[in-house]
Each structure stands twice: as C-alpha cells, then as structure tokens.
1. What part of the accessible area of region 166-246, given as a whole %, is carbon or sulfur when the probe is 1.4 angstrom?
2. What residues have an amide H closer than 5 Å to that of Val81, excluding those fewer than 5 places away on the same chain, when H is modeled at 1.01 Å from N in the peptide plane?
3. Take the Cα gyration tensor of region 23-84, multiply each eigenvalue by 5, square-root it, and list the three semi-axes largest first, rounded to whole angstrom.
4. Given the C-alpha centroids of region 257-288 and region 164-221, what is the distance between them in whole angstrom?
5. Beta carbons within 10 angstrom, averaged per residue: use that to sort the peptides 210-220, 88-98, highest first.
6. Do any of Lys257/Lys286; Lys222/Lys286; Lys145/Lys302; Lys257/Lys289; Lys260/Lys289; Lys222/Lys260 go past 31 Å between their Cα atoms, and which?
7. Rounded to whole Hz and in sequence order, give me ³J(HN,Hα) for region 64-75 from the Karplus expression 6.51 cos²θ - 1.76 cosθ + 1.60, θ = phi - 60°, writing x for Gly and Pro.
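The values are calculated or read from the model by the stated rules, or taken from the named source; none is laboratory data. Here the structure is a predicted model, which means the values were calculated and not measured. Every residue, glycine among them, receives a Cβ derived from its backbone with ideal geometry; neighbour counts consider all protein chains shown. Ligands, DNA and RNA are excluded from the accessible area calculation, which covers all protein heavy atoms including side chains. Shrake-Rupley method; radii C 1.70, N 1.55, O 1.52, S 1.80 Å.
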Amino acid sequence: MMEAPAIWRGLLFFGMVSKRGEKTQMLDNVTIISVAFQSGAVLPQMLGSIPPETPVVIVNNSQADADQIATMAQGFGAQLVQNSQNTGFGAGCNIGAQLAQTDYLLFLNPDASLAPDALGALMEAAERHASASAFNPVIRGPSGKARLRRRSLNKTSWFTQRSDLPEDDCDVSGLSGAALFVRRSDFEAVGGFDPDIFLYHEDEDLCFRLRQSCGPLMFVRKAEVHHIGGASTPASLDTVAFKAWHMGRSGAYVARKNGKAGGYRGALARAMLQLASPLCWISRRKRVKQYAILRGVLSAAKDGGRGFKDTPWQE
C-alpha cells in the first residue's frame with residue numbers, strides 16, 4: 001500500500017500537470033505578430049520572452065537583413081514572412097494576421113518584451129471582459145514608467161506616463177499598438193488595420209473602429225510589457241525625418257477619415273506650433289522631426305495622405 005505522504009505527492013503532481021496543461025492550452029490560442037524593419041538588434045529579446053507553445057509570426061519589411069532575420073526566426077521556431085518591399089506597419093500586421101489560426105492576436109513591437117505571465121493575464125482578462133474587443137497591458141518604458149495613450153479619436157486626454165496606475169482593469173478610450181491584444185473575430189470584422197496608413201496612427205484608427213463596432217477597449221492591470229521605444233529601427237536623421245513625414249501624413253489622414261473636428265486644419269496648426277517651439281532651434285534632431293511632420297501634413301492636404309509616398313525632406 002502506498003504511504004499517505006506519497007499519495008499526497010502524487011495528487012499534488014497530478015494537479016500541477018493538469019494546471020500547467022490548462023495554461024498551455026490558453027497560451028497556444030494566441031498568435032504573436034511582429035513587424036520588423038532592420039530590427040535584428042532587438043528581436044532576440046522579444047522572441048526570448050515568448051512562451052514556447054505560443055505561435056509567432058514575424059513579418060520582415062526589410063530586405064537588407066533578410067538572412068539574419070530568417071536565422072533568428074528559425075532558431076526561435078517562429079514563422080517568417082519576408083516581404084519584397086516595405087509594406088508599412090499596418091499592412092504588415094494584416095499579412096501576419098492572415099496566417100493566424102488562433103482566437104486571439106497580439107501585435108507586439110520588435111523592441112518590446114513580455115513580462116512573466118503577461119500572456120496569461122491578457123487571456124484571463126479576455127475571459128472576464130467578454131464584451132471587450134481589444135486590450136492593452138501596462139507598457140513600461142526603460143525608466144519603468146507606464147506609457148499609456150494620452151489622446152485618441154474616441155476621447156481627448158487620458159492618463160499617460162503615470163506611476164499611479166488604476167488598481168484594476170478599466171475601459172479606456174484608446175490603445176497602443178506596441179502591444180495590442182485583440183480578438184481575431186473582431187479584428188477581421190472591422191477589416192484589420194487600414195492598409196492606406198503606411199506608418200503611425202494605424203493603431204488609433206483601428207481602435208476607433210473596434211470601439212465603435214465591436215466592443216470596449218480595456219486596460220489590463222496585471223499584464224505587463226517592457227518597451228524600449230524607438231529602437232525597432234536604427235535612428236539616423238534620415239530615419240527621424242522619414243518617420244516624422246509619415247507621422248504628419250497619417251495623422252492628417254486619420255483625423256479626416258474618422259470625422260475628427262478640425263481635420264487637416266488642426267493637424268497643420270499643431271505642426272506649425274511645434275515647429276515654432278524654441279526647442280526646435282536648439283536641437284537639430286527636433287527641428288528635423290518637426291519640419292518633416294509639417295511637410296507630411298501639407299502633403300496629406302494635397303493628396304489625402306493615403307499610403308506610402310517618398311519623403312521630399314531637405315533640411
């Protein structure tokens with residue numbers, strides 16, 4: 001006859017296996033999608049933070065490091081889509097989402113990494129908030145402060161860069177695309193990311209449509225992601241100008257598309273005010289960025305701001 005302590009150890013082991021099996025079943029029901037562009041320096045940390053049972057799709061928009069990213073993807077067991085040209089962030093996310101077979105999607109920046117149990121907390125939140133369409137974890141920058149969207153098309157001004165985070169989950173007006181957890185059925189119902197937005201504001205546009213058509217957007221207090229921010233692509237002045245140009249174009253396009261008051265005029269006024277700031281004339285980097293944003297807004301006023309367009313930036 002088995003001794004009592006041995007019986008209890010057996011029952012405990014069985015319980016641990018059962019619980020681990022349930023958790024594994026949850027974690028393999030979400031696909032992580034990451035759009036890379038010359039992101040070889042940061043991808044290993046992101047991939048290393050993902051549970052081994054969770055499917056991963058990397059969409060590489062850069063051809064310069066195709067072999068390097070292919071080696072990384074193979075080493076971590078991730079599925080790779082190598083694009084022949086830079087499709088932009090939103091279109092890249094859509095390509096990755098088309099390969100997913102899971103009920104949930106997590107769009108994760110290459111320079112972000114999951115804290116332990118972050119995926120489990122997001123999955124549990126999705127079960128608790130059955131009517132919600134999309135979710136954000138706490139997204140912490142290098143300093144440890146939380147980065148939360150300050151403005152959205154749904155509402156202007158909510159908390160950002162605060163240490164006094166809500167103690168519990170709560171409904172919010174917008175979500176960050178750095179770590180965007182969404183029900184695949186809702187993502188598909190609204191048509192995914194707008195492919196006419198090449199870079200920036202695509203998460204704002206998607207969340208506006210999700211909230212309007214599918215359900216609330218939720219902040220999940222117990223899930224955390226670490227995000228370096230701005231490290232997905234090496235930052236030269238040309239890169240700063242390129243990104244800022246599309247930030248201006250996309251901001252004007254999204255505002256007008258979704259009927260935001262002011263539309264182009266508001267985007268133009270903000271760009272001009274920022275360029276007039278004394279900081280722009282002290283910092284060459286800020287000057288380059290704000291001038292490119294202004295040029296991007298002006299470009300959108302001419303052609304509507306849809307899709308990729310070559311940057312005409314000259315300092």
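1. Percent of accessible area from carbon and sulfur atoms in region 166-246: 50.
2. Placed amide hydrogens put Ile58, Val59, Asn60 under 5 Å from Val81.
3. For region 23-84, the ellipsoid semi-axes come out as 22, 11, 9 Å.
4. A separation of 25 Å, based on Cα centres.
5. Peptide ranking by packing, descending: 88-98, 210-220.
6. Cα-Cα > 31 Å for Lys222/Lys286; Lys145/Lys302; Lys222/Lys260; rest within.
7. 5, 10, 4, 5, 4, 5, 4, 5, 4, 4, 5, x
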